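**Student:** My structure is below; once you've seen it, I'll send some questions.
Since every read-out is calculated from the coordinates, none of them should be taken as a lab result. Just so it is clear, the model here is predicted, and its values are computed rather than measured. Here the Cβ is made from the backbone with ideal geometry for all residues, glycine too, and neighbour counts use every protein chain on show.
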Amino acid sequence: MGARSQLGLKQYCTTSNAYNVGRRGRQLNNVCPLTLVNTLQTANQKGLDYYALDSQLDKDKRLIEAYQEEFDKLESGAMLNFANEKEARARLLSLADELRKAKRRMNTTQRQLEALNQSNSY
């Protein structure tokens, strides 16, 4: 293997890089020395955990925005696609509950993300 390839592997096979690769949602390529594999896989998994939590947070934010928009329309009297006021009111009540659940999940995910950031030494 050439000096250039060796340098590339040295730069690639670091815990910091393994973590950052995981944060982008990717597994570390299987090119690093066996003596480093466990350490690098641990760092990569922490990055993947971060990616999963961050993705869930984004998903929940979009869901909350959609719920809030629908809630606001229903609350202002719009019927949207409901046949009658009773159906619209039932959806309004269920949306309030769904909004609370999504916000709670988002807060939990945010705390997990912050804890992961604090425990990260990469």
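**Student:** So how do 75, 70 line up by other beta-carbon neighbours within 10 Å, fewest first?
**Tutor:** Final ranking by Cβ density, sparse to dense: 75, 70.
**Student:** Ordered by residue, what ³J(HN,Hα) values in Hz, to whole numbers, does the range 45-60 give under the Karplus form 6.51 cos²θ - 1.76 cosθ + 1.60, where θ = phi - 60° and Gly and Pro are x?
**Tutor:** 5, 4, x, 5, 4, 4, 4, 4, 5, 5, 5, 5, 4, 4, 4, 5
**Student:** Another question about this same structure. Taking the number of other C-beta atoms within 10 Å as the exposure measure, put 46, 86 in order starting with the fewest.
**Tutor:** Ordered by Cβ neighbours within 10 Å, fewest first: 86, 46.
**Student:** Further question: Helix-only mean residue ellipticity at 222 nm, the chain, DSSP H runs n ≥ 4 weighted -39,500 (n - 2.57), per residue, nearest 500. What is it?
**Tutor:** Rounded to the nearest 500, it is -28000 deg cm²/dmol.
**Student:** For the range 27-41, just list the computed ³J(HN,Hα) in residue order, Karplus coefficients 6.51, -1.76 and 1.60, θ = phi - 60°, integers in Hz, with x standing in for Gly and Pro.
**Tutor:** 3J(HN,Hα) across the range 27-41, in whole Hz: 7, 6, 5, 8, 10, 8, x, 4, 5, 9, 4, 4, 4, 5, 5.
**Student:** Another one. Can you sort 35, 108 by how many other beta carbons sit within 10 Å, fewest first?
**Tutor:** 35, 108
**Student:** Putting +1 on Lys and Arg Cβ atoms and -1 on Asp and Glu Cβ atoms, find which of 96, 109, 77 reaches farthest to the positive end of the dipole of the chain.
**Tutor:** 109
**Student:** Using 0.36 nm per residue, how much length does the chain from residue 20 to residue 38 gain when fully extended, once their Cα-Cα distance is taken away?
**Tutor:** My answer for the length gained is 4.9 nm.
**Student:** Place a point 7 Å from Cα of residue 58 in the direction of its Cβ. Which residues in the range 86-117 have their backbone N less than 12 Å from it?
**Tutor:** None, by backbone N distance to the label point.
**Student:** Across the range 3-119, how many lysine pairs, 8 or more positions apart or on different chains, have C-alpha atoms separated by under 17 Å? Please give the number.
**Tutor:** So the count works out to 5.
**Student:** Next question. Based on the Cα coordinates of the chain, what is the per residue volume of their convex hull in Å³?
**Tutor:** 128
**Student:** Also, I was wondering about something else. Residue by residue through the range 98-107, which ³J(HN,Hα) values in whole Hz follow from phi under the Karplus form 6.51 cos²θ - 1.76 cosθ + 1.60 (θ = phi - 60°), with glycine and proline marked x?
**Tutor:** Listing the rounded values in order: 5, 4, 4, 4, 5, 5, 5, 5, 5, 5 Hz.
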